[in-house]
Amino acid sequence: MSVIRLGSYIFMLIALAGCKMNDTGQSKAPIFVKPLTLEQYCETNTCREDVDILVATAEGEYTLTQLQYWPVVYKDDIIVLPGERVYIEAEIDAENNITELRSVEENENPERTFELFFAQIRGSYGMFFSVRNPLDNPVHFDFSLTDVEGNEYRVGSCPVRSNRSFLERWPEPAQQITLSNPRILETNADIICSS
C-alpha cells in the first residue's frame, strides 16, 4: 500500500471514529439545546417581580411593565434597569479571579460588594451609569446596552480603578445595561479602555 493511500485510509478511520452512530448504524444529528424563555427560567429561579421601566425618547415615553423579568445576575452577567441601584457581591479565588457574582439587598461586605446605578439623565434622552469598585485592584467589565426597541449592542468600557467609581454617559435612551466578563487586573495595570 502506498504512503498516500495509507494516509488517506488512516484519515478516513479517524473521521469515522468521530461520528456517533445510533442503534441502526446511522449517524446521529447533533443535539441543540434551545435557550429557556423568561417564563421557563422564572418557573425554577428567582426573578425580578413587578418591573416598571419608564424612559423618555424623542418619540415619547417608552414603558415596559412586566410581572417578571430576568434576575439582576443571570448567567454571570449583571443586568441593571433604569432607575435601579444594585449591590453585587463578588467571590474571589486564591488566584484573584472573580468566581461568583450575586445580587444582595444591602452592602454588608463592603470590601467585595460592587455598587451600580443606571438612570436617564434629567432633561435629556441619554443614560447615565456608575459602578463603584470595592477591590484593591482595578476591575474591567464589558458593557452592552439594550435600546428601547430591544436591540443589544456593545459599548466601550474602561477599567474601574480600585476603591473608586467609574461614570459613563450615552446620548440615547436604553432599557437596560448588561455587564459581563468581569476581570481583575494587576494592581499597577494601565487603565486602557475598550471600544
Given the Cα-Cα distance of R183 and R164 and 0.36 nm per residue of separation, how much length would full extension add, in nm? 5.3 nm
So, R0 is 30 Å and r is the distance between the beta-carbons of E61 and E105; what FRET efficiency does that work out to, to 0.05? 0.55
For labels at R85 and D190 in the simple 7 Å Cα→Cβ model, what's the distance in nm? 3.6 nm
Expected sort for 133-140, 181-188, 156-163 on mean C-beta neighbours within 10 Å, highest first, is 133-140, 156-163, 181-188
Please report the carbon-and-sulfur percent of the accessible area for region 73-184; probe 1.4 Å, protein heavy atoms only, DNA, RNA and ligands left out. 40 percent
Inter-label distance, nm, simple model (7 Å from Cα along the C-beta direction), L54/N151: 2.7 nm
Working out 0.36 nm times the residue gap between L38 and D93, then minus their Cα-Cα distance, what length gain in nm do you get to one decimal? 16.7 nm
Extended-chain gain in nm, criterion 0.36 nm per residue less alpha-carbon gap, D142 and K75: 22.7 nm
Rounded, prolate or oblate: pick one for region 73-184, where a ≥ b ≥ c are the square roots of the eigenvalues of its C-alpha gyration tensor, a/c under 1.5 means rounded, and failing that, prolate if a/b is larger than b/c, else oblate. prolate
About its Cα centre, what dipole magnitude does region 73-184 give when the only charges are +1 on Lys and Arg Cβ and -1 on Asp and Glu Cβ, stated in debye to the nearest 20? 500 debye
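The values are calculated or read from the model by the stated rules, or taken from the named source; none is laboratory data. Not measured: the values here are computed from a predicted model. Backbone-built Cβ (ideal geometry, glycine too); neighbour counts: all protein chains shown. Accessible surface areas use protein heavy atoms only, side chains included; no ligands, DNA or RNA. Shrake-Rupley method; radii C 1.70, N 1.55, O 1.52, S 1.80 Å.
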